[in-house]
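All remarks here apply to the structure that follows.
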Amino acid sequence: MSDFEFAVTRNETPTPQAEREEILANPAFGKKFTDHMVVADWNAEQGWHNLEVTPYAPLTLDPATTVFHYGQAIFEGIKAYRHKDGTIVTFRPDKNAQRIANSAQRMAMPEIPEGLFVQALEELVAVDKDWVPAGGGEGSLYLRPFLIATEVGLGVAPSQSYRFLVIASPVGAYFPGGVKPVAVWISEDYVRAAPGGTGAAKFAGNYAASLVAQQEASAHDCEQVVFLDAANRHKVEEMGGMNVMFIIDGTLVTPELSGTILPGVTRNSILQLAREMGIEVLEKTITLDEWRQAANSGAMTEAFACGTAAVITPIGTVKTNRDTFTIGGGESGEITMRLREKLTGIQRGEVADEHGWLHKLA
């Protein structure tokens, strides 16, 4: 661990073992939480202080706290995996630390030092390690670090105080149906981000902006929404909570990072693994019309969503305001599943970690 000193207060009424085991046997995504959380405060005078691991509990905030009014709130998503030997690890936490620092910079918030970020994960898992599902399956402990503004007042300006927290939830597959092709809805009425905006930050407002489009997707029996560019509604950008990739004529194609797309850690890892597996990789603009034409002609044989929560999930069907089309007959693609097996194999300790991506938490 780094040089940050955390006070640890154990929960006097932890979840009974039988109840915890019942939750771990069938964890829903983000519905049940562990017995503790990390809390740390920041202000200009003291910097980072009041570093604690404390019982999970509601927060008490003044109604005029600026996060409620001006939305300074950013977060990360990262998982802890139990290997078969009992070791608990996480995956590339340095990348999440870098991204939350970049998000903080964009939102005029203080940067969280990488050492503090990583140690916060270590501290929480150390006390809540019994909440990490057994190794060898789909289960993991989803860790949610987040930073919010805490100054009280209604003046429109960056807050002068902030709170960093980490909470954790045992999870299984992100989509209820598990690893099988999902249907996606193309949003042509709503956009997620615009040039010069906050699209490259993991900012709470980006997700708030996506919710009405996600409702629209659900109304069309789709599990996820895909957003297009703000200017012309032609370019494919990303999904509501994950990046999107395609296999076209054997090449892995994904929208290039342009300031409006979140630079996913899973995205970055897949691109590196694909190159090492001999798969050509191309980061470029792809339009909705190109997606449709390539799928209908058979040139596009696979498409998938990728992110920390969903890992890699095949896309089988695409619905728009005017048509529906399928990719690869609506089935899971061979390259998609090879990449998924490689990535999850590294995360779960079943495939050699040749890149030093795993970080031991406990």
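The values are calculated or read from the model by the stated rules, or taken from the named source; none is laboratory data. Note that this is a predicted model, so its numbers are computed, not measured. Here the Cβ positions follow ideal geometry from the backbone for every residue, glycine too, while neighbour counts run over all protein chains shown. For the accessible areas, the whole protein counts, side chains as well, though only heavy atoms, and no ligand, DNA or RNA atoms are used. Shrake-Rupley method; radii C 1.70, N 1.55, O 1.52, S 1.80 Å.
Worth a mention:
- Summary of packing: across the peptides 156-169, 111-124, the per-residue average of other C-beta atoms within 10 Å ranks them, highest first, as 111-124, 156-169.
- Neighbourhood charge, 10 Å Cβ-Cβ cut-off, centred on Glu76 and excluding it, Lys, Arg +1 and Asp, Glu -1: +4
- Within the accessible area of the range 267-362 (1.4 Å probe), percent carbon and sulfur: 44 percent
- With K and R counted +1 and D and E -1, the other residues having a Cβ less than 13 Å from that of His49 yield a net charge of -3.
- Taking 0.36 nm per residue of separation and subtracting the current Cα-Cα distance, fully stretching the chain between Leu154 and Ala57 would add 32.3 nm.
- Centre-to-centre separation between the Cα atoms of the range 11-59 and those of the range 235-284: 34 Å.
- Area accessible to solvent at Met245, 1.4 Å probe radius, in Å²: 0 Å²
- Taking Cα atoms only, the orientation of helix 204-219 departs from the longest principal axis of the chain by about 50 degrees.
- Distance violations [Cα-Cα > 32 Å] among Lys284/Lys360; Lys31/Lys202; Lys84/Lys319; Lys95/Lys129; Lys84/Lys284; Lys319/Lys360: Lys284/Lys360; Lys84/Lys319; Lys84/Lys284; Lys319/Lys360
- Rounded if a/c under 1.5, otherwise prolate or oblate - the range 114-223, Cα gyration tensor axes: oblate
- Charge context of Ala274, other residues only, Cβ under 14 angstrom, K/R +1, D/E -1: -1
- Of the beta bridges in the chain, as assigned by DSSP with both residues counted there, near 80 percent are antiparallel.
- Accessible solvent surface per residue of the chain, calculated while the other protein chains remain in place, 1.4 angstrom probe, Å²: 43 Å²
- In terms of its alpha-carbon gyration tensor, the range 119-173 comes out prolate; a/c meets the 1.5 threshold, and the first ratio a/b outweighs b/c.
- Fully extended contour minus Cα-Cα distance, from Glu138 to Arg106, at 0.36 nm per residue: 8.1 nm
- Exposure rank, largest accessible area first [His69, His83; 1.4 Å]: His69, His83
- Protein heavy-atom surface of the range 1-77, 1.4 angstrom probe: 49% of the accessible area is carbon and sulfur, with nucleic acids and ligands not counted.
- Within the accessible area of the range 81-132 (1.4 Å probe), percent carbon and sulfur: 41 percent
- Judged by the gyration tensor of its Cα atoms, with axes a ≥ b ≥ c, the range 238-362 is prolate; a/c meets the 1.5 cut and a/b is the larger of a/b and b/c.
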